[in-house]
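The numbers here are math on the coordinates, done by the rules we state, and not lab data. As the structure is a computational prediction, the values presented were derived from the model and not from experiment. Neighbour counts run over all protein chains shown; Cβ positions are idealised from the backbone, glycine included.
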Amino acid sequence: MSAYDKIKKSVKRLLVQYVVAQKLLPARTEYHHEKALAVHEIWAEDFTELVVYGCVFKLALLIDVASTYFLGIAVSIRASAALVAKPLEQALAKNNGKGPEKFLLSDNGSQYVSNEHGRLLEKADIVQKRIPACLPQYNGSMECGGKEFKNVFYNVFAAREKEGADKEKSLLSRVEAAVEQTAYLMNDVIARPCLQGVTPADLMEGWSQTRIEANREYVRAEQEKPDPPPWKKGYWEVIKEAMGLKERTRLELLTKFSFFCRRPLRTIARLGREGVG
């Protein structure tokens, strides 16, 4: 094994020297970060994982970087080029068949460097810009957007499961329904502090300035309100009013009192027998 490792290192060294001498490797490219100043200038795509009942689902996302608006979403059991193509098709449909004005930002995942995805981008006349390998922070808007999406998704999925709205559907269908509802909440309902208190939909539809002025007017009106009078009630008076002991019956008073005794359940059972008897 020692001789084999020595031969392997020698062969590797010879190959590297030959490839470098022949200039077969592509030239290194330098990445320059560009900040989106308006909507539809830069899009970003990536996929993440959703773990539901021990099953792992792949979630493909595509956002507008300036507004953090989710333009496309897709869920599947496996990550493939077909999966990441669905959010792009949805984004093109929402933007009247047009891509981003500058470029589409993605990582170096096999789904995003595939020929199938490349043909789709070429057909839509979209310039793809890839971040450096092993540096996800260069696509920070997408990374943070994915984390926020997952935080809301798990709450939405738990609420839907509790209501039993999709109990007869398959697990994949329930996850897809929760993902669609999460995208609606993230786009149209939940305001973002980074957008000065408006939703991504407000920014995409051009209503952001009106909403921002309305928020400022509300804050100004709240600040101009007179201060409330100081609190004069003592702690003991507040407790007595909250308990409302004068309005309670004898059985209610004794039941509450039993919980402060040594064996409350036995005392409450005895009170129940007396009441029924």
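Basic side chains Lys and Arg get +1 at the Cβ, acidic Asp and Glu get -1 at the Cβ, and with that the dipole of the chain about its Cα centre reaches some 1640 debye.
How far, in nm, would the chain grow between Glu34 and Val113 when pulled straight, counting 0.36 nm per residue and subtracting the alpha carbon separation?
Gain on stretching Glu34 to Val113: 26.3 nm.
Axis of helix 2-21 versus longest Cα principal axis of the chain: the two differ by about 70°, to the nearest ten degrees.
Each residue of region 256-262 is assigned a 3J(HN,Hα), and the resulting list reads 5, 5, 5, 5, 9, 8, 6 Hz, derived from the Karplus form 6.51 cos²θ - 1.76 cosθ + 1.60 (θ = phi - 60°), x at Gly and Pro. For a straight C-alpha distance cut-off of 24 angstrom, the lysines reachable from Lys147 (same-chain residues fewer than eight places away being disregarded) are Lys35, Lys58, Lys86, Lys94, Lys129, Lys162.
Each peptide among 68-76, 34-42 gets the average number of other Cβ atoms lying within 10 Å of its residues, and from highest to lowest they stand as 68-76, 34-42. For the chain, the Stokes-Einstein estimate of translational diffusion at 37 °C and a viscosity of 0.692 mPa s comes to 134 µm²/s, using the Kirkwood hydrodynamic radius over alpha-carbon pairs. The packing ranking, built from the mean of other Cβ atoms within 10 Å per residue, places the peptides 103-115, 221-233 in the order 103-115, 221-233, highest first.
Measuring max minus min along each principal axis, the C-alpha atoms of region 237-277 give extents of 35, 22, 7 Å (largest first). A crude spin-label estimate for the pair Ser2 and Tyr235, with each label 7 Å from Cα along the Cβ direction, gives 7.7 nm.
Based on the Cα gyration tensor of region 42-190, what are the three equivalent ellipsoid semi-axes, each the root of five times an eigenvalue, rounded to whole Å and given largest first? Walk me through the intermediate numbers first.
Numbers: eigenvalues 140, 49, 44 Å².
After scaling each eigenvalue by five and taking roots: 26, 16, 15 Å.
Given a Förster radius of 41 Å and the C-beta distance between Leu185 and Lys123 as r, what FRET efficiency does 1/(1 + (r/R0)^6) yield to the nearest 0.05?
Details: r = 32 Å, r/R0 = 0.78.
Computed FRET efficiency for Leu185 and Lys123 comes out at 0.80.
Here region 195-257 is treated as an ellipsoid with the same Cα gyration tensor; its semi-axes, largest first and in whole Å, are 49, 20, 8.
If R0 is 45 Å, what FRET efficiency do you get for Arg192 and Met243 from their C-beta distance, rounded to 0.05? Working shown, then result.
Working: r = 43 Å, r/R0 = 0.95.
It comes out at approximately 0.55.
With both labels modelled 7 Å from their Cα along Cα-to-Cβ, the Val11 to Glu163 distance reads 6.2 nm.
Give the aspartates and glutamates reachable from Lys123 as a straight Cα distance under 17 Å; neighbours fewer than 8 places away on the same chain don't count. Qualifying aspartates and glutamates at Cα under 17 Å: Glu89, Glu101. Helix 208-224 axis versus longest C-alpha principal axis of the chain: approximately 30°, rounded to the nearest ten. Proximity of backbone amide H atoms, modeled 1.01 Å from N, is registered between Gly72 and Leu62 at under 5 Å, excluding neighbours fewer than 5 places apart on the same chain. Sequence-distant contacts, meaning Cα pairs under 8 Å at least 6 residues apart, place the relative contact order of region 41-109 at 35 percent. Compared with the dominant principal axis of the Cα atoms in the chain, helix 81-94 is inclined by about 70°. A simple rule links phi to the HN-Hα coupling: the Karplus curve 6.51 cos²θ - 1.76 cosθ + 1.60 with θ = phi - 60°, which for region 148-160 gives 4, 4, 5, 4, 6, 4, 5, 5, 5, 5, 4, 5, 5 Hz, with x for Gly and Pro. Give the shape of region 123-277 as rounded, prolate or oblate, defined through the alpha-carbon gyration tensor: a ≥ b ≥ c are the square roots of its eigenvalues, a/c under 1.5 means rounded, and otherwise the shape is prolate if a/b is larger than b/c and oblate if not. Oblate, since a/c reaches 1.5 and b/c is not below a/b.
Extension gain for Ala221 to Cys261 (0.36 nm times residue separation, less C-alpha to C-alpha distance): 9.2 nm. Dividing the mean sequence gap of close Cα pairs (under 8 Å, 6+ apart) by how many residues region 149-268 holds gives a relative contact order of 12 percent. Extension gain, Tyr18 to Val56, is 9.3 nm, computed as 0.36 nm per intervening residue step minus the present C-alpha separation.
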